[in-house]
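Engineer: Encoded as structure tokens, here's the structure I'll be asking about.
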Amino acid sequence: MTWEKVNAAIKADYPGVAHIDTSDLQKLIRERRGLVLIDVRESEEYQISHIPGAVHVSSFNTIARNNTDPAVLIVAYCSVGLRSAKFISELQKSGFINAYNLRGSVFEWANQHMELIGAGGRTRKVHPYNTRWGSLLNTELHQYPQ
């Protein structure tokens, strides 16, 4: 598994989805720009760690029902970007015009040593999802539920 293959698959499956890089997201967070940051992974993945300020949402219907402004800035992520690209695609179909997928998602964020938080506060660990996808996450960052 390589990032090139993952990014090519995302582009092929979700060609209309816009992306934002980790450095651009970090800048938005640092500048405290208004955005809705969404973690679409499973609860056990989110519990181990997530990007500060992210809310856990497993269905795009939750956002569509609770957010009346389709122009709000939304950034979604998962482990590598496939699940979040699907999520953003569904939001776009519902009329959300300012929705982005985080390129490389939480794995790339963690690989770049950007801040993560978990149940116990700051952490460096990330749920690797499975062996195949986990190969894209630096091995010293892996943590499965206990």
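Engineer: Going through the range 102-146 one residue at a time, which ones are open to solvent by 70 Å² or more (accessible area, probe 1.4 Å) and either outside any loop (DSSP other than H, G, I, E, B) or among the hydroxyl-bearing types (Ser, Thr, Tyr) (or both)?
Structural biologist: Arg122, Tyr129, Thr131, Arg132, Ser135, Thr139, Glu140, Tyr144
Engineer: Give the number of residues within the range 125-146 that are farther than 15 Å from Arg41 by Cα and either among the acidic types (Asp, Glu) or without any contact (Cβ under 8 Å) to a residue 24 or more places away in the chain (or both).
Structural biologist: Total meeting the criteria: 5.
Engineer: Look at His142 and say whether it is at pLDDT 95 or above, out of contact with any Asp or Glu (no Cβ under 9 Å at 6 or more places or on another chain) and within 23 Å of Asp24 (Cα to Cα).
Structural biologist: No, not satisfied.
Engineer: Identify, from the list Ile48, Ile29, Ile97, Ile74, the residue that is open to solvent by 60 Å² or more (accessible area, probe 1.4 Å) and of a type in the set (Val, Ile, Thr).
Structural biologist: Among Ile48, Ile29, Ile97, Ile74, only Ile97 is open to solvent by 60 Å² or more (accessible area, probe 1.4 Å) and of a type in the set (Val, Ile, Thr).
Engineer: Right, another one. Quick check on the range 41-59. Is at least one of its residues among the aromatic types (Phe, Trp, Tyr), within 12 Å of the chain's Cα centre (by Cα) and within 27 Å of Gly134 (Cβ to Cβ)?
Structural biologist: yes
The values are calculated or read from the model by the stated rules, or taken from the named source; none is laboratory data. Note that the coordinates shown come from a computational prediction; the quantities given were computed from them, not determined experimentally. Reconstructed Cβ throughout: ideal geometry from the backbone, glycine too, with neighbour counts over all protein chains shown. Heads up: the accessible areas ignore ligands, DNA and RNA and are worked out on the full protein's heavy atoms, side chains in. Shrake-Rupley method; radii C 1.70, N 1.55, O 1.52, S 1.80 Å.
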